[in-house]
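Shown next, in structure tokens, is the structure this report addresses.
The values are calculated or read from the model by the stated rules, or taken from the named source; none is laboratory data. Computed from a predicted model, the values in this text were never measured in an experiment. Virtual Cβ from ideal backbone geometry, glycine too; neighbours counted across all protein chains shown.
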Amino acid sequence: MGSTITLNHLGKTYASGHRAVHDVSLHLNAGEFLVLLGPSGCGKSTLLRMIAGLETITEGRLLLNQQPANDLPPSERDVAMIFQNFALYPTMTAAQNIAFPLAARGEDEHSATRAVHAVADRLGIRSLLTRTPARLSGGERQRVAMGRAIIRHPAVFLMDEPLSSLDARLRVRLRAEILSIVRRIGATTVYVTHDQAEAMALGDRIAVLRDGVLQQIGTPDELYNLPANAFVASFVGTPRINLLHGTLYAPIEGPMTLSMGTQHLVLPTEMTEQQQHLRVVQGQPLLVGLRPEALRVGSATTAYERPLSATVTHVEYQGHESLLHVTVGAVTADPPRTAFDHEDRNETGNMLSAAARTLLSRVRSTRPAPSPVTAEPAPPLPQHYQGGELVLRAPQGVSHSLGDRLPLLVDIRSLMLFDGTGHRVFPHPTHVQAF
């Protein structure tokens, strides 16, 4: 049975002064599968090694099954770790590698052999037991490494990008096997990856890290549909979310309007009446987030669809669908550093990051003075316009070509708005599960 894992304000600072992990707090229930997701260098592997006991904890407390574990040796934590490079003994056979944990704790040879065969049957590698690692493929070596971890029946599995060196087809098959095995054993699992598709497929919950700071923790559905900030929104989802610069106008009477370059979207009155907090950010530069599925080509069929005029700039054929890259006269954006980031809180004392301040000053300096928004259709885009792009899906059998003008519809119910620091302001942040 798996152990609970509790991290209370966990931090890691190296002797050089580099702070790799900042004030991370989270709790895993017994048997839960948690994925640590983030770009390279964000601190996810360091956090995993702190749980394993391979890195010292410089701040906070680690509890395993509610027992303090900061100073507990790795051998007494009842954890098994699977690395990216498999870490097999090259002179041992697959059977000897799998049996090594049992031999190390003095189990008799007959019992160990029986356990090795049982694990090998479960992993489909019974015929490979007499081979050394040099005679195994990457996928076979990873199965052997998994077998060595499984045979101990640990309370906790820690996996550090175990599939990243394998080809795409094998990764898909092995991640299904990993999930099946840990479910059957009931071990609590912490899995590190930078691949958001892998994280979405495996995790009961996903914890997203950036620069050692926990940005959000939640189910795959929560992270996809209610990201806490623009970074999480842009890191989770394929194709990536469309992020555009925009400005909200909220007149005392009449509907709120979202301006995006040469075009605008009128927000439904019944929706904005429930989101009165948006008046606080009117006139300020915002990031407009639109998932590809929030966009479609055609005529409006619901009261929540709003039209834009788009020009096709690129078509990616995917077989079952095509990805259309279109321009609508707006300017694309990258997620700014957020107020979660440690530089803002600990060094400047200002909750607005340097990148966000740069974004605000750049947008303000180039944005024309606000003018009354009318219901007039947006003017056609000049052919030479070099604006930002939106990406949307076109169903199989529907063909479009470079330069085509399209009637584009935006489903306002899927609209996301982020402020200058990257925090989501629409839908209201209170809809996100606290962490």
Report task. Residues being surrounded by fewer than 20 Cβ atoms within 10 Å (Cβ to Cβ) and within 21 Å of the chain's Cα centre (by Cα): count how many of those fall in segment 21-31. Result -> 5
Query raised in the report: So how many residues does segment 99-145 have that are charged (D, E, K, R) and either touching a Cys at 6+ places or on another chain (Cβ under 9 Å) or without any contact (Cβ under 8 Å) to a residue 12 or more places away in the chain (or both)?
Result: 8
Requested in this report: Scan segment 150-177 for residues that are surrounded by fewer than 23 Cβ atoms within 10 Å (Cβ to Cβ) and in a helix (DSSP H, G or I) and jot them down.
Outcome: Ala168, Arg169, Leu170, Arg171, Val172, Arg173, Leu174, Arg175, Ala176, Glu177
**Report entry** Close pairs from segment 173-189: first closer than 20 Å to Ile206 by Cβ and not assigned by TED's automatic domain parsing to the domain that holds Ile82, partner among the small types (Gly, Ala, Ser) and surrounded by 19 or more Cβ atoms within 10 Å (Cβ to Cβ), Cβ under 9 Å, at least 6 apart
**Finding:** none
Query raised in the report: Can you name the residue in segment 102-121 that is surrounded by fewer than 19 Cβ atoms within 10 Å (Cβ to Cβ) and in contact with a Lys or Arg (Cβ under 9 Å, 6 or more places away or on another chain) and is also farthest from Leu63 (Cα to Cα) among such residues?
Result: His117
Query raised in the report: Within the bounds of segment 181-196, is there any residue that is under 28 Å from Arg19 (Cα atoms), at pLDDT below 95 and in a helix (DSSP H, G or I)?
Result: yes
Report summary line: Per the list (1) at pLDDT 90 or above; (2) under 21 Å from the mean Cα position of the chain (by Cα), residue check on Ala176 breaks on (1)
Report summary line: When restricted to Leu63, Leu54, Leu34, the only residue surrounded by fewer than 18 Cβ atoms within 10 Å (Cβ to Cβ), assigned to a strand (DSSP E or B), in the same structural domain as Ala155 (by TED's automatic domain parsing) and at negative phi is Leu63
Requested in this report: Residues being more than 21 Å from His277 (Cβ to Cβ), hydroxyl-bearing (Ser, Thr, Tyr) and touching a helix residue (DSSP H, G or I) at 6+ places or on another chain (Cβ under 9 Å): count how many of those fall in segment 203-255.
Outcome: 2
